[in-house]
1. Just the C-alpha atoms of segment B:54-111: what Rg/Rh do they give, with Rh taken as the Kirkwood radius?
2. At q = 0.08, 0.11 Å⁻¹, what base-10 log of I(q)/I(0) does the Debye formula yield for the protein assembly as shown when every alpha carbon is treated as an equal point scatterer in vacuo?
3. So for A:Ser191, A:Ser8, fewest C-beta neighbours within 10 Å to most, what's the order?
4. Starting from the Cα gyration tensor of segment A:222-298, take the square roots of the eigenvalues, sort them a ≥ b ≥ c, and report rounded, prolate or oblate (rounded when a/c is under 1.5, otherwise prolate if a/b is larger than b/c, else oblate).
5. Sequence-distant or interchain residues sharing an amide H contact under 5 Å with A:Asn198, placed H: which?
6. Cut-off is 10 Å between beta-carbons; in what order do A:Cys196, A:Cys278, B:Cys369 appear when sorted fewest neighbours first?
7. Against the longest alpha carbon principal axis of chain A, how many degrees, from 0 to 90 and to the nearest 10, is the axis of helix A:88-98 turned?
8. Could you work out how far helix A:103-116 tilts from the main Cα principal axis of chain A, as a 0 to 90 degree angle to the nearest 10?
Amino acid sequence: MLQVNHVSKQYAGHKALDDVSLHVPAHSIYGLLGPNGAGKTTLIRIINTITGPDSGEVLLNGRRITPDDALHIGYLPEERGLYKKMKVGEQALFLARLKGMSKNDALKALKYWFEKLEIQAWWDKKVEELSKGMAQKVQFITTVLHEPELLILDEPFSGFDPVNAELIKKEILALRDKGTTIILSTHNMASVEELCENISLINQSHIVLQGNVEEIRAAHSTNTFLLATHDTLAAENLATEGIVITPQNGKNKLNRYAISKPADMSNNKLLGLLLDNCSVTSFEEVLPTMNEIFIKTVSK
Amino acid sequence: MSKIGLIIEREYKTRVLKKSFILLTLLTPILLVAVMLVPLWLSTIKDDTEQHIVVIDKSGLYEAALQNNETYTFDFTNRPIDTIRNSQQGKNELTGILYISGNLATDTAQVILYSDKQAKVETVDYLSGLLNKYVEDQKIASYNIPNLREMMENARTDINITTVKWDEDGKEKESSAELALIIGMISALVIYMFILIYGGQVMSGVIQEKTNRIVEVIVSSVKPFELMMGKIIGIALVGLTQMLLWVLLTVGLSSILGGNLLATSDMNDLQTISGMQAGQPVPSGDNIAAEIYGMLSGYDFVQLLVMFILYFLGGYLLYASLFAAVGSAVESETDTNQFSLPLSIPIIFALYAAIYSAQNPDGPLAFWCSLIPFTSPIVMLVRIPFGVPAWQLILSFAILVLSFAGTTWMAGKIYRTGILMYGKKSSWKELWKWLTYRTR
């Protein structure tokens with residue numbers, strides 16, 4: 001749905017983006033990851049047509065993106081704020097109309113969302129009276145109100161308590177199920193694993209890792225497995241095959257072992273060897289978390 | 001268009017509905033009218049307390065001069081001053097003791113007014129007026145020339161030069177240099193104030209949006225240039241609204257209050273007082289009104305108003321866009337000094353240039369400063385009431401329009417980059433870089 005082709009952007013003195021390409025499939029959640037200052041915000045601003053690329057292009061549904069397309073994009077910036085002196089309702093209405101909604105449509109949609117997130121009582125409050133989390137809720141609503149095709153959320157969970165973070169997470173998933181394409185930029189790797197199908201990891205203006213989350217985790221496999229058995233496993237039996245067995249803390253009379261195999265041995269071969277030595281209660285591969293992959297990739 | 005309209009609407013509404021705006025807009029005309037009318041009103045309040053004066057006239061010449069009336073009663077006595085003073089001690093009934101020691105025609109200093117409190121100027125004026133008139137009459141009578149009083153009245157002269165300005169058709173217009181000066185200075189001052197105040201509002205508005213971090217949300221819906229222009233135009237409308245309300249309220253209030261006041265007071269009285277003080281003959285009330293009206297009608301107020309609005313808008317747009325650029329370049333209001341000072345200096349200079357230009361509206365300072373766009377909105381306004389050749393007006397305004405187009409374009413480029421720049425200390429060098437960034 002969204003394609004970024006060979007985009008570069010130079011700011012005086014440094015390159016913010018260097019030959020960045022990515023493809024966001026429709027109706028999915030796409031993770032945009034990277035350490036601070038990697039160039040994520042610049043890329044997001046280019047997709048939003050807030051700035052233009054020096055070279056390369058951004059295609060939306062196969063067409064080169066224009067400022068008019070911004071009407072079909074919802075953008076929740078990381079650095080976000082509201083007019084402090086304005087009333088919540090007025091402000092939401094103003095932002096909705098800037099996105100091209102008519103006053104009536106905007107009022108209807110606002111009513112729906114305010115009821116859904118149970119914040120009707122805030123309509124006439126001034127923004128400065130709201131807590132940070134409350135203001136975040138209002139901002140989330142103003143971002144999704146005009147039913148954008150493409151939603152760009154930069155750290156959407158920051159400032160929320162766990163209850164509200166869960167609430168917002170549910171809304172994001174609901175929006176995806178309704179057909180919205182979502183770009184999620186966050187440092188919260190747990191939510192990336194939970195929500196994103198594909199990711200791009202940007203580091204120092206370059207894309208250093210890209211693809212399906214599960215595939216990436218599989219590719220970063222450390223060939224480590226967790227085995228639970230009622231038997232006792234003797235490490236020396238398998239050492240000749242290159243298998244390293246480390247006992248772990250067990251409980252409920254189960255013994256647990258961390259097992260690491262040589263990279264060229266298949267999982268089935270390993271399982272076969274293990275079955276010869278004990279009766280397996282459970283056997284599972286330990287994939288690295290996105291957090292580990294992030295740190296490993298970035299600090300390379 | 002509709003989006004810039006939305007931004008203008010928001011800027012306008014939130015500012016006009018602010019309590020401080022409403023208060024200031026309502027209170028200023030009331031204050032202004034009060035400043036104009038209160039002295040007038042106070043002067044109409046007459047002091048009706050009776051003045052009791054004991055006269056010790058050693059010369060015995062002036063009993064006829066000092067006649068009792070509603071306010072003043074005179075008692076003639078030959079008792080010594082001290083006796084009177086002691087008998088009146090602490091009673092507060094006596095205004096004073098008028099002691100005339102000799103013939104005033106030969107020595108005008110031979111009269112003293114004693115009193116417990118400092119004698120009122122009004123009382124002293126009244127007494128000396130009576131005595132003056134009496135002595136004068138006596139002197140005139142002593143010359144034994146028939147009709148001398150009439151002859152003297154005739155001889156009295158007061159030259160009053162009327163200034164007449166030829167307009168382009170060669171028609172004559174009554175004018176007044178003082179009035180031109182007043183009209184010019186007032187318009188220049190108002191423009192000066194509005195540029196500084198509303199330019200400053202544009203700047204702090206931009207800074208607020210930037211520090212609030214709302215700007216990124218908005219520029220994802222509208223172009224930064226639209227946001228900037230929307231703010232500038234919205235605030236200009238707020239300024240015009242305030243100006244219009246001030247004019248309407250001031251005129252309305254002063255005509256209602258002033259009308260009532262003048263109806264209840266005796267206009268001629270007032271003029272007599274002021275005329276006497278200035279030592280000039282007193283024209284009748286109708287004359288003054290006609291004179292002022294004649295002078296005012298010598299000015300083309302429609303032209304003045306149109307020029308005022310044009311130069312106000314031109315000057316405001318020129319400076320407001322620069323203020324917006326400054327606002328976009330800084331992180332907080334306290335950082336603005338290094339950039340806003342170079343903006344305020346030409347405005348303040350323009351005011352001084354305007355003051356000197358008023359003395360010599362066709363001199364080289366006035367001429368050049370009314371062409372330079374950074375000073376012309378203020379200086380030209382001072383010159384207009386004195387009459388400015390059409391080519392100068394057109395040239396000056398054309399330069400102004402071109403300049404504000406230029407500064408707006410420049411400001412737009414700086415603004416576009418500046419509003420999304422956080423945590424970077426901006427310098428002039430930095431601003432120059434932003435200015436030269438390639439557009440998409």
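Every number in this text was worked out from the coordinates using simple rules, so none of it is lab data. Note that the structure is a prediction, hence the values are computed from the model and not measured. Cβ sites come from the backbone with ideal geometry, for glycine too, and all protein chains shown count toward neighbours.
1. So for segment B:54-111, dividing Rg by the Kirkwood Rh gives 0.98.
2. Relative scattering, expressed as log10 I(q)/I(0), comes to -0.86, -1.19.
3. A:Ser8, A:Ser191
4. It comes out oblate by the Cα gyration axes.
5. The list, which skips near neighbours in sequence, is A:Ile29, A:Gly31, A:Val213.
6. A:Cys278, A:Cys196, B:Cys369
7. Helix A:88-98 sits at roughly 90 degrees to that axis.
8. On a 0 to 90 degree scale, this one is about 40.
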